[in-house]
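Read the structure below first, then the notes.
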Amino acid sequence: MSVGSKVYLNILKEISRIMQDDQLEPGDKLPSERELAERLQAGRSSVREALRALELLDLIETRKGEGTFIQQAGSHRLADILASFLLKEKKAKEDVTETRRILEIEAVRLGCERVEEHQLAKLKKLINTAIKKYATGVIPVEEDYLFHQTLVETSHNNLLINIWRPLVEYAKIALEQSLSREGRPDDALEEHEEIYRALEARDETAVVQALSKHLINSRF
């Protein structure tokens, strides 16, 4: 695990500890971003990213002009389980990889029947944008994430999408590490193109094979 990912996970753990120490309950307001940064002796940008991840998991909510609050009871239990799992389970990275593979492959199976033209156009645009960004020396992490998000969205299954999003958002650090390997961005872009062509042709066998190969090579 990299120093960056350790810092990120430590902040999430410390925010959880603060909730317990302050005896905060659903509906209670969290300390401000500035106060959290001071209490944790961490950068505000790191705290902001951790809070964003918690919000995506539906564990907290931000109200404009009011602050950040612990989500009310009745929030998705899956989010609670997932957050606890990713913060405590040592083999979480491997399990996240496996679960992601299952979700994305089933999503593109459905996508072969349900993909819409505007989604195909978005996938192609993301590939082209990533190529241009990488040509300037920038690793296209966001474009990679959005490419996979769009693949999942072609399923038009909202539950599947809502399970996938927090799962992969939590693991963005691993995604960046994968793309930072020498030669990996070139290979990843070629693999994205292969996935796109198979999906465009509505070829289920080809798109599953292409995506499976890509996820294995990504070592996500």
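Brief remarks follow.
- Checked against the criteria, Ala37 counts as of a type outside the set (Lys, Arg), open to solvent by less than 70 Å² (accessible area, probe 1.4 Å), at pLDDT 80 or above and assigned to a helix (DSSP H, G or I).
- Selected residue [open to solvent by 40 Å² or more (accessible area, probe 1.4 Å), out of contact with any Lys or Arg (no Cβ under 6 Å at 6 or more places or on another chain), part of a loop (DSSP other than H, G, I, E, B) and at pLDDT below 70] from Gly65, Gly74: Gly74
- Verdict on Asn162 being out of contact with any helix residue (DSSP H, G or I) (no Cβ under 8 Å at 6 or more places or on another chain) and at pLDDT 95 or above: no
- Which numbered condition Glu94 fails, given (1) surrounded by 12 or more Cβ atoms within 10 Å (Cβ to Cβ); (2) at pLDDT below 85; (3) under 16 Å from the mean Cα position of the chain (by Cα): (1)
- Tally, over the range 119-146, of residues that are of a type outside the set (S, T, N, Q), touching a Pro at 6+ places or on another chain (Cβ under 9 Å), at pLDDT 85 or above and open to solvent by less than 60 Å² (accessible area, probe 1.4 Å): 4
The values are calculated or read from the model by the stated rules, or taken from the named source; none is laboratory data. The structure presented is a predicted model; accordingly, all values stated were derived computationally and were not measured. Neighbour counts are summed over all protein chains in view; Cβ atoms, including those assigned to glycine, are modelled from backbone coordinates with ideal geometry. All accessible areas refer to the heavy atoms of the entire protein, side chains included, with ligands and DNA or RNA removed. Shrake-Rupley method; radii C 1.70, N 1.55, O 1.52, S 1.80 Å.
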